[in-house]
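Written out below as structure tokens is the structure these notes cover.
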Amino acid sequence: MSRFLSYVAAAVLAGTVSFAGEKEVAYGKYLLEEVAKCQECHTPKTATGELDKGKWLKGATLDFQPVTPIERWHKTSPDITPTGRLWQRWGEKAVLEYLQTGLTPKGKPADPPMPAYKLKKVDAEAMLEYLKSLK
């Protein structure tokens with residue numbers, strides 16, 4: 001990580017920096033793509049195995065599974081863009097709450113293999129702004 005990003009991350013974690021506009025979207029993109037790696041499960045792959053940039057975060061069939069069955073394991077990941085069914089069912093507020101609490105609107109954690117993220121509000125808001133910037 002660059003020295004600049006290290007300083008930004010430290011300032012955000014300390015609560016001394018807030019973001020607005022383009023900076024918030026850029027920070028959300030960094031968190032979503034470089035830290036959480038959401039695209040690895042939520043973006044389909046092309047025939048050559050590359051992530052399909054034309055279907056970025058639009059949901060995908062997962063190309064991995066546990067050796068031993070895990071209850072409620074999902075073989076697909078949802079579209080997490082604002083045009084997706086999940087976003088339309090939950091709404092923006094619930095997506096933000098999920099990123100902060102790791103709980104769905106029904107008060108339950110997401111099914112495996114989705115990890116339970118419990119982000120600070122500023123981080124969750126930045127990720128939400130990045131997602132909202134996607135078409």
In deg cm²/dmol, rounded to 500, what helix-only [θ] at 222 nm does the chain give when every DSSP H run of at least 4 residues adds -39500 (n - 2.57) and the total is split over its residues? -11500 deg cm²/dmol
What ³J(HN,Hα) values, in whole Hz, does the Karplus curve 6.51 cos²θ - 1.76 cosθ + 1.60 give for the stretch 121-131 when θ = phi - 60°, with x put for Gly and Pro? 3, 4, 6, 4, 5, 5, 5, 4, 5, 5, 4
Over 20 Å between Cα atoms: which of Lys29/Lys108; Lys58/Lys132; Lys29/Lys120; Lys58/Lys120 fall into that group? Lys29/Lys108; Lys58/Lys120
Name the most mobile residue of Trp90, Trp73, Trp56, meaning the one with the largest mean-square fluctuation, in a Gaussian network model of the chain with Cα contacts below 10 Å. Trp73
Note, the stretch 43-58: 3J(HN,Hα) by Karplus (6.51, -1.76, 1.60, θ = phi - 60°), whole Hz, Gly/Pro = x, goes 10, x, 9, 7, 4, 8, x, 7, 5, 7, 5, x, 10, 4, 6, 8
Once the in-chain neighbours fewer than 8 apart are removed, the aspartates and glutamates whose Cα is under 15 Å from Lys118 read Glu97
Can you list the residues, at least 5 places off or on another chain, whose amide H is less than 5 Å from the amide H of Lys45, using H built in the peptide plane? Asp52
Highest-first arrangement of 61-70, 100-109, where packing means the average Cβ count within 10 Å: 100-109, 61-70
Pull up all non-local amide H partners of Ala60: gap of 5 or more, or a different chain, and H-to-H distance under 5 Å with H placed in the peptide plane. Ser77
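A short reminder: the numbers here are calculations on the coordinates, not readings from a lab. In this text, all values refer to a predicted model and were calculated from it rather than measured experimentally. Backbone-built Cβ (ideal geometry, glycine too); neighbour counts: all protein chains shown.
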